[in-house]
Structures are given as C-alpha cells and as structure tokens.
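Just so it is clear, none of the values below were taken in a lab; they were calculated from the coordinates. Small disclaimer: the values here were computed from a predicted structure and weren't measured. All Cβ positions, glycine included, derive from the backbone under ideal geometry; neighbour counts span all protein chains shown.
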C-alpha cells in the first residue's frame with residue numbers, strides 16, 4: 001500500500017492526509033460551521049457575519065479558516081461598499097486610481113481590515129490563522145478622513161460628483177481648439193509633474209478653489225468666491241500685509257489639501273493682494289521663501305487691457321505700479337495666451353469687425369482720445385426708427401411666441417435721460 005493510496009478517497013487522491021481524513025470523517029471538520037454560516041447568510045447582516053467569524057476564530061473552532069473566508073467572504077462584506085460611500089472614504093479613494101485591493105475589490109479589502117482590527121483587540125492577527133491581509137492602507141485613509149470630517153470647508157469642496165465632472169471634462173476638452181488644448185496640456189503636465197509653475201487655466205481634479213477679483217466674475221465660476229472672501233485678504237492692503245489665516249485653522253487645512261487654485265480677473269486687483277497671498281501660502285505650507293505660492297499650482301487669468309487696479313487719487317504711474325505686472329511675482333509666472341475669440345466662431349463679418357475694433361482700443365495710439373465710429377456700424381438719427389429696428393411691432397404684439405427673440409436683442413444707453421425717453425416710447 002502506497003502513500004498515494006492512503007490519500008485516495010472514493011477514487012480521488014487528495015493533496016494531504018488531513019484532507020483525506022476529513023473526507024472520511026476521521027477528524028473534526030468545519031461542516032457544522034459551514035451550515036451555520038449558510039443559514040446566517042440568509043438573514044444576518046455583514047456585520048453580524050463578521051462578528052460570528054471572529055468568535056469562531058477566537059475560540060479555535062475552525063479547522064480551515066481560509067476555506068470559510070473563501071466561501072463566505074462576499075456575505076461577510078456585503079454591507080461594506082455602502083459603508084465606504086457613507087463614511088466618505090470613496091471620495092479619497094476616487095483620487096487614488098492605482099490603489100490595490102484584495103481580489104481587486106475594495107469592500108473585501110476593507111472587510112479584511114475590519115477583521116484584523118477586531119482580532120487585534122484580542123491580541124490576535126489574520127496571519128495567525130493563515131488568512132490574507134488587506135492590501136490597502138486603511139489606517140492612513142481613515143486617519144486622513146477623520147481630519148477631513150472635522151473640516152466642513154474640505155467636505156464642501158469634495159462634494160462634487162466625480163462621474164459628472166469626468167463627463168464635463170471629456171465634453172469640454174473635445175470642444176477646445178488647438179491653442180486651448182495646448183494651454184490645457186501644458187498646465188496639466190506641469191501639475192502632474194509637480195513643478196512649481198503658475199498659469200492661466202482651469203483644471204478639474206481633486207480640490208480646486210475658484211476665486212475672482214470681483215463678485216460678478218466669481219458667480220461665473222463653479223463654487224466661485226471673491227478672493228478677499230476665500231483667502232481673508234485684508235481690505236486695507238499694504239506692502240507687508242498677510243492674509244488672516246492661522247496655520248492650524250480649517251481654512252489652512254483646506255489650502256494644504258488643494259490641488260489647484262484658479263484666480264480670475266487678476267488685472268483689476270492690487271499686486272499687494274497677490275504678494276500677501278503668496279506670503280501666507282509659503283507660511284501655511286512651510287515651503288520657505290524659494291517656492292512661489294507654497295508650491296500649490298495657481299492659475300491667474302485676465303486681460304490687462306481691461307479694468308486696472310483702483311488707486312485713490314493715483315495717476316498712471318501709481319496705477320501701473322499697483323498692477324500685478326509690477327510685482328516681484330510676475331517674472332516667476334509662466335505666461336500662456338488665448339487669442340481667439342470663441343464667441344465669434346459663428347458670427348457675421350460685422351460682429352468680427354466690431355470685436356477687432358474694440359480690441360484695438362487699448363493698444364492703438366490713434367484710438368487715444370476722441371474716436372469716430374467705423375463705417376461698418378449702422379448709425380441712425382430717428383429715434384422711432386431706431387426702436388422699430390430693434391423691437392419691431394409685429395414681435396411686440398406676440399411676445400410669448402417670440403420669447404427667444406428678446407433674449408438676443410437689447411440696447412444700452414449712457415444717460416438716464418435717454419433711458420427715460422426710450423422707456424416712454
């Protein structure tokens with residue numbers, strides 16, 4: 001009689017003598033526990049199943065804990081996917097696409113972590129029972145999440161729907177022209193490589209803070225705030241000012257968790273605001289004097305041909321000196337330009353000519369002082385004809401049927417007296 005013969009039961013050769021003995025019921029097996037778990041799986045929650053499994057392990061009642069885990073792991077963890085979402089862990093996991101989990105399933109991996117925690121309270125471990133270990137660092141994630149849950153500012157900034165944002169990104173990226181894509185790719189590659197650069201751009205991933213120099217502009221940005229409101233910039237700003245942010249408060253924690261800051265309409269803000277912000281971020285992020293904005297990527301957007309900073313009783317030299325271009329930060333910024341007016345893509349020749357004419361006002365020496373209207377613009381002297389041309393009578397008689405028409409037609413006036421005259425008609 002050979003050893004192979006001893007391991008054979010019902011014409012099947014088992015790998016070990018123990019397995020053969022178990023099939024012959026010569027030694028104790030997990031049959032009763034298997035039936036108990038099968039019955040419990042029909043009505044018990046995942047939490048109850050895990051507690052039952054831990055009890056069986058603690059009393060050394062299982063012959064093969066690994067087989068029980070392999071057979072019932074789905075039942076043990078059937079409540080954990082919901083728990084991961086409810087506890088907010090999914091928000092942090094969504095920004096870790098390379099995270100590894102047991103069998104590629106985060107609920108099973110989290111289940112192993114919870115079992116390890118329960119056993120650890122009794123000075124036991126998964127390894128003592130030859131059970132697999134969790135692959136993901138749940139302790140680190142939970143520790144980080146605990147800090148975030150105490151900070152409503154961070155929770156608010158992480159409340160965006162990732163799937164919706166991903167769809168929006170794909171849709172808008174496909175609509176970009178070549179120049180826009182070049183700017184976009186330049187900035188994203190800079191952010192991904194963690195270089196210290198500042199750009200004119202928008203990037204949607206992780207926490208992105210959107211601010212603007214004016215309240216109206218801030219309303220046009222997703223989750224936008226004025227820069228003074230978001231970063232506590234002093235109203236009475238001077239050369240050595242800093243933002244009213246303490247290093248250990250919630251706003252400082254939010255800034256340290258931020259992946260990108262977008263700041264629109266920067267030409268109209270005093271350079272001291274940016275220098276105070278830079279000084280504050282260096283302190284909050286503990287990056288020293290050599291790293292601009294504390295190492296956080298910052299996108300500064302705006303057109304310097306538009307409204308400059310307001311300097312009380314200041315002339316041109318004082319206004320120029322207040323501009324961001326006069327700041328010590330300006331040479332450290334990488335400049336990217338978008339020159340094509342996308343709103344004119346489907347416009348007529350007159351609109352294009354008018355946009356080109358308006359665009360030259362800030363740069364053409366011949367357009368300084370009094371100017372004459374170009375010939376391609378219609379000029380009217382009869383007020384009744386002017387009103388009829390913009391709002392024809394046949395349209396006014398059926399306003400509900402022509403609601404779309406009124407969305408595209410308007411006129412602006414410079415004097416209140418003119419407005420009253422038009423309203424009276």
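At a 10 angstrom cut-off on C-beta neighbours, averaged per residue, how do the peptides 274-280, 101-107 rank from highest to lowest?
Details: 274-280: 22.1, 101-107: 16.4.
Highest-to-lowest ranking by the protection proxy: 274-280, 101-107.
For the Cα atoms of the chain, what angle does the longest principal axis make with the long axis of helix 46-58, in degrees from 0 to 90, nearest 10?
40
Would you calculate the separation in nanometres between label points at residue 180 and residue 103, each defined as 7 Å from the Cα along the Cα-to-beta-carbon direction?
4.6
How high is the relative contact order of the chain, given as a whole-number percent (alpha carbon pairs under 8 Å, six or more residues apart)?
On the way: 431 pairs, mean separation 38.8, N = 425.
Relative CO of the chain lands at 9 percent.
Zone of residue 418 (label point 7 Å along Cα→Cβ, backbone N under 19 Å): which residues in region 371-394?
The answer is 371-391, whose backbone nitrogens lie closer than 19 Å to the label point.
What do you get for Rg/Rh over region 1-109 if you use C-alpha atoms and the Kirkwood form of Rh? Each step should come with its number before you reach the end.
Values: Rg = 18.7 Å, Rh = 16.5 Å.
Here Rg/Rh amounts to 1.13.
Hey, of [x] 2.18; [y] 1.54; [z] 1.13, which did the structure itself give for Cα Rg over 2.2 N^0.38 Å when calculated?
Correct label is [y].
Of all DSSP beta bridges located in the chain, what percent are antiparallel, nearest 5?
Antiparallel bridges make up about 15 percent of those DSSP assigns within the chain.
Once the piece of chain linking residue 67 and residue 361 is laid out straight, how much longer is it, given 0.36 nm per residue of separation minus the C-alpha distance between them? Walk me through the numbers on the way to the answer.
Details: separation 294, 0.36 × 294 = 105.84 nm, distance 7.92 nm.
This chain segment gains 97.9 nm when fully extended.
Helix 138-149 versus the longest principal axis of the chain: what is the Cα-based angle in degrees, 0 to 90, to the nearest 10?
The two axes meet at around 40 degrees.
Sort 313-319, 387-393 for me by packing, meaning the mean count of neighbouring Cβ atoms within 10 Å per residue, highest on top.
Values: 313-319: 10.3, 387-393: 13.3.
Averaged packing, sorted descending, gives the order 387-393, 313-319.
Two decimals is fine: what's Rg over Rh for region 226-372, C-alpha atoms, Kirkwood radius as Rh? Numbers along the way, then the final one.
Working: Rg = 18.5 Å, Rh = 17.6 Å.
Across region 226-372, the Cα-based Rg/Rh ratio is 1.05.
If we sort 35-42, 134-141 on the protection proxy, mean other Cβ atoms within 10 Å, highest first, what's the order?
Details: 35-42: 13.0, 134-141: 16.2.
Highest mean packing first, the order is 134-141, 35-42.
Between residue 58 and residue 128, what is 0.36 nm times their sequence separation minus the Cα-Cα distance? Round to one decimal in nm.
Values: separation 70, 0.36 × 70 = 25.20 nm, distance 1.07 nm.
Residue separation times 0.36 nm, minus the Cα-Cα distance, leaves 24.1 nm.
Could you work out how far apart the two model spin labels at residue 318 and residue 397 are, taking each label as a point 7 Å from the Cα in the direction of the beta carbon, and quote it in nm?
Once both label points are built, they end up 5.9 nm from each other.
If the chain between residue 206 and residue 385 were fully stretched, how many nm would it gain, using 0.36 nm times the residue separation less the Cα-Cα distance?
Details: separation 179, 0.36 × 179 = 64.44 nm, distance 5.53 nm.
Taking residue 206 through residue 385 to full extension adds about 58.9 nm, to one decimal.
Expressed as an acute angle from 0 to 90° and rounded to the nearest 10, what is the orientation of the C-alpha long axis of helix 178-192 relative to the principal long axis of the chain?
Once rounded, the angle reads 50 degrees.
Can you check what the Kirkwood hydrodynamic radius comes to for region 219-303, Cα pairs only, in Å to one decimal?
By the Kirkwood definition, the hydrodynamic radius is 13.2 Å.
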